[in-house]
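**Student:** Encoded as structure tokens, here's the structure I'll be asking about.
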């Protein structure tokens, strides 16, 4: 099973495991989750488009598609969207090779530039993020996670062995995969693969597809405002890989 939620629109060939920019590229379709504010009576897309309005007006962000609202825990809810990100319009991360995790990180950072809190999480696991799991168990919904953060955070030293989200996530392993330079605050953004322990059974239940947004927000609160973004890595069974 491979969950792919970001579509790359391009006029020529997509090389496996690599997304290359062509001059006629139409950009990325990318997933965004926004923490709902019950006091905000605007439509969900109006709420999202009020964040970094200059990037919406100049076409870097466009085509907001509201996908629905989910309850994540204790009455808290998140709006889900697909948006288009015009990679050829982003000087901060443009280059011969556009990398999904860097575009997702940039998008999340920009959407929170002018706000006092970090209310979005951006992206979904890609085909080159997959891992193999032999047995699927209900209490182990997902086990590997893709985390992006500036390399200067030295994040692996901070989080391995620690528990988050009311003890529902424990980081067992952390491995650096690669980095990309983003000319936005002069950051070198690293991509890391985390091995996550199963949700501890004595903890309060929470849906797997929502728990990761709590995890990201907790990292942002503890270690740096909106310096973290991430998503679950998709898994495949050995017979399907």
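**Student:** For region 35-46, which positions are modelled with pLDDT of 95 or more and either under 19 Å from residue 105 (Cα atoms) or in a helix (DSSP H, G or I) (or both)?
**Tutor:** Answer for region 35-46, where residues must be modelled with pLDDT of 95 or more and either under 19 Å from residue 105 (Cα atoms) or in a helix (DSSP H, G or I) (or both): 44, 45, 46.
**Student:** Of all residues in region 104-126, which are surrounded by fewer than 24 Cβ atoms within 10 Å (Cβ to Cβ) and in a loop (DSSP other than H, G, I, E, B)?
**Tutor:** Listed by number, the residues that qualify are 112, 113, 114, 115, 116, 117, 118, 119, 124, 126.
**Student:** Continuing with this model, one more query. Restricting attention to region 70-91, report how many residues are in contact with a helix residue (DSSP H, G or I) (Cβ under 7 Å, 6 or more places away or on another chain) and at pLDDT 90 or above.
**Tutor:** Residues that pass the stated criteria total 4.
**Student:** Okay, moving on. With more than 19 Å from the chain's Cα centre (by Cα) and either exposed (fewer than 13 other Cβ atoms within 10 Å of the Cβ) or closer than 23 Å to residue 103 by Cα (or both) as the only criterion, which of 191, 162 stands out?
**Tutor:** On inspection, the qualifying residue turns out to be 162.
**Student:** In addition: Taking residue 94 as the residue in question, decide whether it is assigned to a loop (DSSP other than H, G, I, E, B), at pLDDT below 90 and closer than 18 Å to residue 231 by Cβ.
**Tutor:** Criteria not met by residue 94.
**Student:** Out of the residues in region 169-185 meeting the condition of being over 16 Å from residue 143 (Cβ atoms) and in contact with a strand residue (DSSP E or B) (Cβ under 6 Å, 6 or more places away or on another chain), tell me which one is surrounded by the fewest Cβ atoms within 10 Å (Cβ to Cβ).
**Tutor:** Filtering first and then ranking leaves 178.
**Student:** While we're here: Out of the residues in region 19-34 that are touching a helix residue (DSSP H, G or I) at 6+ places or on another chain (Cβ under 8 Å) and at pLDDT below 50, state the one that is nearest to residue 124 (Cα to Cα). Give the derivation first.
**Tutor:** From region 19-34, those touching a helix residue (DSSP H, G or I) at 6+ places or on another chain (Cβ under 8 Å) are 19, 21, 23, 25, 27-28, 30, 32-34; that's our starting set.
From what is left, the residues that are at pLDDT below 50 are 19, 21, 23, 25.
Details: 19: 15, 21: 20, 23: 25, 25: 20 Å.
Residue satisfying both the conditions and the ranking: 19.
The values are calculated or read from the model by the stated rules, or taken from the named source; none is laboratory data. Bear in mind that the values here come from a model prediction, so they are computed numbers and not experimental data. We place every Cβ from the backbone using ideal geometry, glycine too, and count neighbours over all the protein chains shown.
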